[in-house]
Amino acid sequence: MKSFLKELAGGIALMVVASLVGVAVNAVRPNGVALIQHGEAVSTAVHTQADSTAAAADSTAPREGVVTLEQMKQMVDSGTIVVIDARSTEEYEQGHIPGSINIPHDRIPEFQDVLNNEVPMDAQIVCYCRSFTCDFSDLLATELKIIGYSNVSVFSGGWDQWQKAGYPAETGPRS
C-alpha cells in the first residue's frame, strides 16, 4: 500500500510541476494563449441568400461581421485583407479564392505556424467556407477572435457564391 501511495504522490507532483512549467512558458511566449478567453462570437446565425441580398442592397452598411459578395470582391482585388478558407485541405485544393490561406476550422493547432508567420494580429481577416449553410467560417472566425485577432469578418456566401459570380479562382496547394 505504501508503494501505491508513493507512486500516486509522485504522479500528482509531476502533473503539478508540468502544469506550472506550461503556464510559465505560455506567459513568456510572445504569442501565448490567454488563460482567460475574451473572444466574442463573430456570427452564430445561419446565413441565407436573403441575408446577402439585403446586405448587398446597402453595401455600405452590412451586418456586423458579415461581408457581402461585392465587398469581398473589392477587398480581394485591392489586397487589403487576409482571406482564410475554413474548408478542408482537399476542398481548398480543388478550388479557392485567389491568395487565400487554408486553415481548416477544426485543425487550428496544426496551422498555428501559418497564423503566426502569415497573419498579423492586427490584420483585417475575412473567413469563408462552402456556402450560406456552412458554419465553418463562423467557427474559425470565433476561434481567431479568442486567440486575439480583433478584426475578423465572415463572407457567408462562401466558395459557392464566389464561383457562381464567375470570379477568379485558384486550384492546388498555396504556393
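Taken together, the values in this text are just the output of simple stated rules run on the coordinates, not laboratory data. Owing to the predicted nature of the structure, the values given are computational and were not obtained by experimental measurement. Cβ atoms come from the backbone with ideal geometry, glycine included; neighbour counts cover every protein chain shown.
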- [ ] Between beta-carbons, use under 14 Å as the cut-off and find the net charge around residue 111, counting Lys and Arg +1, Asp and Glu -1.
- [x] -3
Open item on the list: Assuming 0.36 nm per residue, please report the length gained on full extension of the stretch residue 113 to residue 4 beyond their Cα-Cα distance.
Closed with: 35.0 nm
TODO: In nm, give the distance between the simple-model label positions of residue 80 and residue 164, each being 7 Å from the Cα along the Cα-to-Cβ direction.
DONE: 2.6
TODO: Grab the other residues whose beta carbon is less than 15 angstrom from that of residue 80, score K and R as +1, D and E as -1, and report the net.
DONE: -2
Open item on the list: I'd like the distance between the alpha-carbon centres of the stretch 114-161 and the stretch 71-101, rounded to an integer number of Å.
Closed with: 10
Task: Potential lengthening between residue 171 and residue 15 on full extension [0.36 nm per residue; Cα-Cα distance subtracted] - done: 51.6 nm
